[in-house]
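Below: the structure, in structure tokens.
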């Protein structure tokens, strides 16, 4: 099976670590590396403000500042350690890369067409256009950080734990369709929250603690033997960026 990865330039955990894992059970045909422009980041900020309003965006911004000051360095050390372990286990991958501002550019489309992957794994923040996610024969899959449909959109692990719903701190393996995390679901993979770890490490562990199970599920999907999980009748909700106020509520609850 030929595979292709889409991820962000600064994200070595996926660009190197996950790529090494993919190359261990498939022919890694290429990596689309996203180097976002300042304009794209500004548009994402504008969309978040439109979605939650200025007051709540200040709450989001406060958490971003807090995370960078007190949590980010520890998380980066954890990520570096994981990359080293993955490369030691699977060996550092060798694959062609395309650096592009977004996954939907003509250059990205041409690169994917030339690579001819059977399956694409998208580990990025940008929604893929239909002309992109329909290119691989088997499909384009995301490892969504949250249990869908209850925790769709962004940072599902954060919101599950902040809502006192730790049993839903997990990852959803789904095939992309036209909606936001609404495609066919093929598996849920969980990680139990640990004292002192951030929501970022938690959502990473939902993937990297379960790589063998994820590989087996993808193999069944490729062979046409995987069953879709029926979510009929379940609550569906979209979430967004973490709030400072909800983070403090979460930590106060842990301390109690």
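The values are calculated or read from the model by the stated rules, or taken from the named source; none is laboratory data. Because the structure is a prediction, the values reported are computed rather than measured. Glycine also receives a Cβ, built like all others from the backbone with ideal geometry; neighbour counts cover every protein chain displayed.
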*Could you tell me which numbered condition residue 10 fails, if it satisfies all but one of (1) surrounded by fewer than 17 Cβ atoms within 10 Å (Cβ to Cβ); (2) assigned to a helix (DSSP H, G or I); (3) free of Cβ contacts under 8 Å to residues at least 60 places away in the same chain; (4) within 21 Å of the chain's Cα centre (by Cα)?*
(2)
*Any idea which residue in segment 65-84 is farthest from residue 19 (Cα to Cα), counting only those that are touching a residue at least 40 places away in the same chain (Cβ under 8 Å) and surrounded by fewer than 15 Cβ atoms within 10 Å (Cβ to Cβ)?*
74
*Within segment 213-237, count every residue that is surrounded by fewer than 16 Cβ atoms within 10 Å (Cβ to Cβ), part of a loop (DSSP other than H, G, I, E, B) and without any contact (Cβ under 8 Å) to a residue 60 or more places away in the chain.*
9
*asked:* Could you go through segment 27-39 and let me know if any residue there is over 28 Å from residue 222 (Cβ atoms), part of a helix (DSSP H, G or I) and modelled with pLDDT under 95.
replied: yes
*Kindly list, by first and then second residue, each pair from a residue in segment 46-59 that is within 14 Å of residue 245 (Cα to Cα) to a residue that is not in a helix (DSSP H, G or I), limited to pairs with Cβ atoms under 6 Å and residues at least 6 apart or on different chains.*
59/243
*Go through segment 159-179 residue by residue and tally those that are within 13 Å of the chain's Cα centre (by Cα) and outside any strand (DSSP E or B).*
1
*In segment 139-158, how many are part of a loop (DSSP other than H, G, I, E, B), under 11 Å from the mean Cα position of the chain (by Cα) and more than 16 Å from residue 191 (Cβ to Cβ)?*
1
*asked:* I'm checking my understanding of the structure. Among residues of segment 86-97 that are touching a helix residue (DSSP H, G or I) at 6+ places or on another chain (Cβ under 8 Å) and either free of Cβ contacts under 8 Å to residues at least 24 places away in the same chain or not in a helix (DSSP H, G or I) (or both), which one is surrounded by the most Cβ atoms within 10 Å (Cβ to Cβ)?
replied: 93
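Conditions tested, residue by residue: (1) free of Cβ contacts under 8 Å to residues at least 24 places away in the same chain; (2) closer than 18 Å to residue 5 by Cα; (3) crowded, with 18+ Cβ neighbours inside 10 Å; (4) touching a strand residue (DSSP E or B) at 6+ places or on another chain (Cβ under 6 Å).
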| site | (1), (2), (3), (4) |
| --- | --- |
| 142 | no, yes, yes, yes |
| 167 | yes, no, no, no |
| 173 | no, yes, yes, yes |
| 203 | no, no, yes, no |
| 211 | no, yes, yes, no |
*asked:* Among the residues in segment 122-135, are any part of a loop (DSSP other than H, G, I, E, B) and more than 24 Å from residue 45 (Cβ to Cβ)?
replied: yes
*asked:* Taking the criterion of being crowded, with 20+ Cβ neighbours inside 10 Å, farther than 18 Å from residue 173 by Cβ and within 15 Å of the chain's Cα centre (by Cα), would at least one residue in segment 126-138 satisfy it?
replied: no
*Quick one: which residue in 61, 34, 55 is surrounded by 14 or more Cβ atoms within 10 Å (Cβ to Cβ), farther than 20 Å from residue 8 by Cα and out of contact with any helix residue (DSSP H, G or I) (no Cβ under 8 Å at 6 or more places or on another chain)?*
61
*Is there a residue being more than 27 Å from residue 210 (Cβ to Cβ) and in contact with a helix residue (DSSP H, G or I) (Cβ under 8 Å, 6 or more places away or on another chain) anywhere in segment 136-157?*
no
